[in-house]
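Enquirer: Below is one structure. I have some questions about it.
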Amino acid sequence: MPVFDFNSTPDNNEKNICTYTIFKSDESNPDTDHPIMVLDNTTKEWSHHSSGMFTNPVKRTSFEFDENDGTYSSDIKKIDARFISLLTWLGENHIRVRLSGENTKDGYAVYKIRETDIAAGSKLSAQDGFLQFMIERLLSSSAPSGEITDEDALETADDMKLTSIQSITDFMNCAGSTLPDNIRLWAKRNLAVANSHEVTPEERRHAQRALSIMMNIQWKNNYFESIDPVEARKILDEELYGMERVKQRIMETIIQINRTHTLPAYGILLIGPAGTGKSQIAYAVARILKLPWTTLDMSSINDPEQLTGSSRIYSNAKPGIIMEAFSMAGESNLVFIINELDKAASGKGNGNPADVLLTLLDNLGFTDNYIECMIPTGGVYPIATANEKDAISAPILSRFAVIELPDYTSEEKKIIFSKFSMPKTLKRMGLDANECVVTDDGLDAVIDHFKNTSGIRDLEQAAEHIAANALYQIEVKKIKKVVFDREAVNNLLDM
């Protein structure tokens, strides 16, 4: 990703002298070549690990090194745009830190900042480990959007005096510029409410709760790394036997990321009989995309308010399921697995849950009634499952690439039972393959027993039943080897 420098032009007539250049970076693993900042080392080279204190970069852009023979000051030459507010905050609060860096021809390249012993009265935040938490969050965030000016470099983080929710206030001071603009402005307003004596305690409590939810979500950009098609296909093969056409269609849908570095325009809708592996495919796609996932079970949602949350005017107000999913994932880029989408149109409350899904599927932003802020959804990838296509409305269908899964044939079920279901069950129960044997005619009996059912869930339950019976006979009756032929299978499954 390209790096852009914005050179400062300090005014010598001003007390606030800015000596550093600001550069944009999305680097998540800083090193000597991609440092957090660079300090001047023309007069003295600094140790690999050096301790000291930032002198407020707003007023004087330098770091004071604590050396054995005294204190030395070094100007900051360059700063990663994401860290300006953090260094300002450290300087204002006189926090002692230890730097890790190396001397280069450009200066002392700092790639790690850690907290040292805190002097009395210099606690970083209401939360222990706040500095390390902040640095990790900043490194996982994107560079602030828009052009960075000298005025930005010299501007204090926030004029509001907010102390009752100190950790959130500190977070905003240090990382506010890395948040999406609308969320940053929303947070400032809610901080004001949380600290106001002109509103009710209930309003302050709701504001603080909403802030806690939003500030613990990493608001990432929508740039996605290319996927490895070989690894992707391997993951699909692990989760799904056969169904080559289905796997090919899935690969065609998600491989677009390699050219656009954005999520596909359409989500995936998997339609097929129960037990054909729709949920396993959804989890596999989340693994391929390397994204956290969450599930929405539409069969249990009969009121749109369950998805959108309730207004703060109510004392028992709370966020909706969608907002809670972002909170649980801890980031804005995730896979939403929407189970039983064909049940989404059966709302019994004040509206239709399916209508709420449309706002999520369009990736234009989602607003929760409790949070009262538009949540960016450009990093959300929906994968839905359904048994019946006809029960899904046309507007929702148009938001998906529809992939229909056929039922397995009898021969495929034989292979799945003998090569996958049975070995997996035996391994989980601690049985060897030679302790529990299903003969060929016993395998035919299993398949015949479930010939009128769809999917493979019944086969997995049959494998569980057979293995459990074998284990019982081995442990209780002291039989060394249990063989299940057609008669034994029929006697067991007919019980």
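Enquirer: Extension gain ARG98-GLU67, at 0.36 nm per residue separation less the Cα-Cα distance, in nm?
Expert: Difference between extended and current length: 9.9 nm.
Enquirer: Given DSSP loops and a limit of at most 14 other Cβ atoms within 10 Å, what is the longest stretch of the chain that contains no such chymotrypsin sites (Phe, Trp or Tyr not before Pro)?
Expert: The longest such stretch corresponds to 5-222.
Enquirer: Quote the relative contact order of region 410-493 in percent (integer), defining contacts as alpha-carbon pairs under 8 Å separated by 6+ residues.
Expert: Taking the mean separation of contacting Cα pairs over the length of region 410-493, I get 43 percent.
Enquirer: Of VAL110, VAL437, VAL193, VAL38, how do they rank once you tally other Cβ atoms within 10 Å and put the fewest first?
Expert: Values: VAL110 25, VAL437 14, VAL193 17, VAL38 22.
Least crowded to most crowded, the residues run VAL437, VAL193, VAL38, VAL110.
Enquirer: If I stretch the segment between LYS290 and ALA401 completely, what's the gain in nm (0.36 nm per residue apart, minus their alpha carbon distance), one decimal? Can you show the working numbers first?
Expert: Working: separation 111, 0.36 × 111 = 39.96 nm, distance 2.03 nm.
That pair, LYS290 and ALA401, stretches by 37.9 nm at full extension.
Enquirer: Still on this structure: Can you tell me the length gained on complete extension of the stretch HIS34 to HIS261, counting 0.36 nm per residue apart and subtracting the Cα distance? Write out the running numbers ahead of the final one.
Expert: Numbers: separation 227, 0.36 × 227 = 81.72 nm, distance 2.26 nm.
Additional length available on full extension: 79.5 nm.
Enquirer: Based on the alpha-carbon gyration tensor of the chain, what equivalent-ellipsoid semi-axes (square roots of 5 times the eigenvalues) come out, in whole Å, largest first?
Expert: 55, 29, 22
Enquirer: What does the charge count near GLY320 come to, summing +1 for each Lys or Arg and -1 for each Asp or Glu among other residues with Cβ under 15 Å from its Cβ?
Expert: -4
Enquirer: Could I ask something else about it? Counting only DSSP beta bridges with both residues in the chain, tell me the antiparallel percent, nearest 5.
Expert: Among the beta bridges of the chain, antiparallel pairing accounts for roughly 55 percent.
Enquirer: Then there is this: Which lysines have a Cα lying under 17 Å from the Cα of LYS413, excluding residues fewer than 8 positions away in the same chain?
Expert: Hits, sequence-local ones excluded: LYS278, LYS424, LYS451.
Enquirer: Okay, moving on. Normalised by the number of residues in the chain, what is the relative contact order in percent for Cα pairs under 8 Å and 6+ residues apart? Provide the component values of the computation, followed by the final result.
Expert: Working: 880 pairs, mean separation 53.1, N = 495.
In percent, rounded to a whole number, it is 11.
Enquirer: Give me the dipole magnitude in Debye, nearest 20, for the chain about the Cα centre, with unit charges on the beta carbon: positive for Lys and Arg, negative for Asp and Glu.
Expert: Dipole of the chain, to the nearest 20 debye: 720 debye.
Enquirer: Could you give the nm distance between label points at THR439 and MET328, where each point is 7 Å from its Cα heading toward the beta carbon?
Expert: Each label point is offset 7 Å from its Cα along the Cβ direction, giving 4.8 nm.
Enquirer: Taking Cα pairs under 8 Å and at least six residues apart, what relative contact order does region 170-322 come out at, in percent?
Expert: Over region 170-322, the number comes to 17 percent.
Enquirer: What is the set of long-range amide H partners of SER25 at a cut-off below 5 Å, with H atoms built 1.01 Å from backbone N?
Expert: ALA81, ARG82, ALA143
Enquirer: What 222 nm value per residue comes from the helices of the chain, counting each DSSP H run with n ≥ 4 as -39,500 (n - 2.57) and dividing by all residues, nearest 500 deg cm²/dmol?
Expert: Result for the chain: -10500 deg cm²/dmol, rounded to the nearest 500.
Enquirer: Hey, fewest Cβ within 10 Å first, where do ASP458, ASP342 land in order? The partial results should precede the final answer.
Expert: On the way: ASP458 18, ASP342 21.
Starting with the residue having the fewest Cβ neighbours, the order is ASP458, ASP342.
Enquirer: Excluding same-chain residues fewer than 8 positions from LYS44, which lysines have a Cα within less than 28 Å of its Cα?
Expert: LYS15, LYS24, LYS59, LYS77, LYS78, LYS105, LYS112
Enquirer: Let me ask you something else. First select every other residue whose beta carbon is under 14 angstrom from the beta carbon of PHE336; then total the charges, Lys and Arg +1, Asp and Glu -1.
Expert: Summing Lys/Arg as +1 and Asp/Glu as -1 gives -4.
Enquirer: Oh, and also: Excluding GLN473 itself, calculate the net charge of residues whose Cβ lies under 13 Å from the Cβ of GLN473, where each Lys or Arg counts +1 and each Asp or Glu counts -1.
Expert: +2
Enquirer: While we're on this one: Please list, in order, the residues from region 273-315 whose amide nitrogen is less than 15 Å from a point placed 7 Å along the Cα→Cβ vector of PHE420.
Expert: 273-285
Enquirer: If you don't mind, there's one more thing I want to ask. What FRET efficiency comes out for the pair LYS451/SER196, r = Cβ-Cβ distance, R0 = 41 Å, nearest 0.05?
Expert: According to the calculation, E is roughly 0.05.
Enquirer: Also: Given SER310, LEU289, ALA386, which one lies farthest toward the positive end of the charge dipole of region 229-404, if we put +1 on the Cβ of every Lys and Arg and -1 on the Cβ of every Asp and Glu?
Expert: LEU289
Enquirer: Right, next: Take the alpha-carbon centre of region 271-316, take the same for region 452-490, and report the distance between them in whole Å.
Expert: Using only Cα atoms to place each centre, the spacing works out to 34 Å.
Enquirer: Quick check: pseudo-label points 7 Å beyond the Cα along Cα→Cβ at TYR223 and ASP237, how many nm apart are they?
Expert: Result: 3.3 nm between the two label points.
Each reported figure results from applying straightforward, stated rules to the coordinates on display, with no laboratory input. All values derive from a computational prediction rather than experimental measurement. Ideal geometry is used to build each Cβ from the backbone, glycine not excepted, and the neighbour counts take in all protein chains shown.
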